[in-house]
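Below: one structure, written as structure tokens.
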Amino acid sequence: MICFNRPPYVGNELEYITDAVNRREICGDGQYTKKCSRWFEERTGAAKVLLTTSCTHATEMAALLADIHPGDEVIMPSYTFVSTANAFVLQGGVPVFVDIRPDTMNLDETKIEAAVTEKTKAIVPVHYAGVACEMDTILDIARRHGLYVIEDAAQGVLSAYKGRALGSIGDYGCYSFHETKNYSMGEGGALLIREEDSVLQAEIIREKGTNRSQFYRGQIDKYTWMDRGSSYLPSEINAAYLWGQLNAAETILEDRMRSWNRYYEGLLPLQEQGKIELPVIPEGCSHNAHMFYIKAADLEERTALIAFLRTREVQAVFHYIPLHTAPAGKRFGRFHGEDRYTTRESERLLRLPLYYGLLPEEADQVVRAVQAFYAGRTL
Ligand SMILES: *Cc1c(COP(=O)(O)O)cnc(C)c1O
């Protein structure tokens with residue numbers, strides 16, 4: 001069976017973990033955490049990048065930094081992971097779901113402004129499959145209405161929009177290093193902070209509401225409770241694993257890109273015959289080959305295709321159930337405007353196996369299996 005995902009492992013992770021353990025530096029904010037933070041700060045231009053225990057937690061931090069209060073509205077797509085909404089709901093925020101674009105599965109930037117009310121506090125673009133949302137338009141709307149922009153860039157590590165790293169464009173950006181993402185630390189994430197002036201508050205929120213980070217830097221002589229907060233810092237053991245991955249960042253990216261391009265070229269004839277649709281990368285976006293998806297005609301065809309691929313030893317999977325149709329989505333949020341594409345496109349989308357180390361012959365086997373399914377359909 002060609003499985004859908006395999007956690008990335010390049011081979012040097014254990015060496016760094018062993019080093020952290022040997023030095024008895026295993027709690028948070030040691031040498032490996034600092035190395036990873038600096039690595040991302042250099043590559044993204046963010047004023048600060050704080051490693052966190054997950055992308056979910058990075059988004060919770062962003063909700064606290066944006067000072068979300070009960071009743072505040074947050075505009076986001078419904079086609080996303082639960083954490084995008086949950087982080088704000090925990091503060092009493094109300095997710096206002098807006099339809100997506102069918103080409104990228106991202107928030108439709110032309111539908112956002114109509115959803116803005118006097119209660120709107122933030123816009124949360126989700127860069128699906130590591131392909132950027134239309135950020136210029138989103139930033140312009142946010143500026144005119146005085147809204148925060150919090151990027152869910154869980155899938156967008158090392159992707160860019162007009163040359164700017166995803167996650168570093170809005171006020172805050174959130175990365176995931178879960179084992180299903182391009183770079184992993186088991187469970188983990190990062191909060192990117194664009195402006196220097198909110199770094200101190202972010203450090204306090206991450207350190208249980210205390211100014212311990214300043215204390216460790218020798219800037220104050222005792223630390224104390226300053227604000228709301230929780231424990232959002234990962235252990236050095238996890239950070240050491242991530243550091244191993246970052247040392248091989250280009251290798252991982254190129255490997256994934258080779259598989260992505262092989263799928264694209266292999267499946268292009270089926271798109272030209274009008275049988276499936278392939279991902280669209282808009283002008284100005286550079287992506288990270290986080291995901292390769294195809295779109296079948298409808299839910300019924302997708303279900304048949306998943307079953308067929310299984311008989312050919314290929315594990316393909318569908319993705320998000322739109323949040324506005326989920327029990328909690330109905331309870332805590334609402335959909336603004338018409339659901340023209342969110343449900344319809346989510347029912348057609350199918351993700352193919354893609355991970356670091358997928359072999360070219362395995363990608364070819366997947367392509368042949370998809371071709372065989374559609375050859376059979378026309379008979
Ligand atoms: C993976 C993912 C998350 C959650 O990441 P964790 O690190 O597991 O908390 C959030 N949003 C999106 C879009 C994701 O893909």
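Every number here is computed from the coordinates shown, using simple stated rules; none is lab data. Since the structure is predicted, the reported quantities are computational estimates derived from the model, not experimental observations. Cβ sites come from the backbone with ideal geometry, for glycine too, and all protein chains shown count toward neighbours.
Worth a mention:
- By average C-beta atoms within 10 angstrom, highest first, the peptides 345-352, 286-293: 286-293, 345-352
- Build a GNM of the chain with springs between Cα atoms under 10 Å apart, and of L107, L158, L267 the one that fluctuates most is L267.
- Mean separation of Cα contacts under 8 Å, 6 or more apart, over the residue count of the chain: relative contact order %: 24 percent
- At R0 = 45 Å, FRET efficiency that the Cβ-Cβ distance of Q273 and Y216 yields, to 0.05: 0.15
- Highest-first arrangement of 173-180, 357-364, where packing means the average Cβ count within 10 Å: 173-180, 357-364
- Computed over the alpha carbons of region 243-325, Rg followed by Dmax gives 15.4, 44 Å.
- Principal-axis tilt of helix 13-22 within the chain, Cα atoms, nearest 10 degrees: 20 degrees
- Computing FRET efficiency as 1/(1 + (r/R0)^6) for D197 and A114, where r is the C-beta to C-beta distance and R0 is 25 Å, gives about 0.20.
- C-alpha long axis of helix 55-65 to longest principal axis of the chain, angle in °: 50 degrees
- Residues in region 262-281 reached by a label modelled at E313 [backbone nitrogen below 20 Å; 7 Å Cα→Cβ]: 263
- Where labels lie 7 Å past Cα in the beta-carbon direction, separation of R43 and V21 in nm: 2.6 nm
- FRET efficiency, 1/(1 + (r/R0)^6) with R0 30 Å, evaluated for E300 and L14 via beta carbons: 0.05
- log₁₀ of I(q)/I(0) at q = 0.21, 0.22, 0.25 Å⁻¹ - region 113-181, Debye sum with one point per alpha carbon: -0.81, -0.87, -1.05
- Against the main long axis of the alpha-carbon atoms of the chain, helix 360-378 sits at an angle near 50°.
- Residue-averaged 222 nm ellipticity for the chain, from DSSP H runs of 4+ at -39500 (n - 2.57), nearest 500: -12000 deg cm²/dmol
- Dipole magnitude of the chain, debye to nearest 20 (Cβ charges: Lys/Arg +1, Asp/Glu -1, about Cα centre): 520 debye
- Here the mean projected area of the convex hull built on the C-alpha positions of region 331-372 is 5.4 nm².
- Taking only the Cα atoms of region 190-314, the ratio Rg/Rh comes out at 1.20, with Rh defined as the Kirkwood radius.
- Highest GNM mean-square fluctuation among F308, F97, F88, for the chain modelled with Cα contacts below 10 Å: F308.
- Debye intensity ratio I(q)/I(0), log10, region 156-208, q values 0.13, 0.17, 0.25, 0.27 Å⁻¹ (C-alpha model): -0.37, -0.61, -1.00, -1.04
- Selection among Y341, Q371, G329 by position relative to the dipole of the chain gives G329 as farthest towards the positive end (Cβ unit charges, Cα centre).
- Reachable lysines from K119, criterion Cα separation under 23 angstrom, eight or more residues apart if same chain: K111, K330
- Residue-normalised convex hull volume from the C-alpha trace of the chain: 134 Å³ per residue.
- Most mobile listed residue (I321, I220, I123) in the chain, GNM with C-alpha springs under 10 Å: I220
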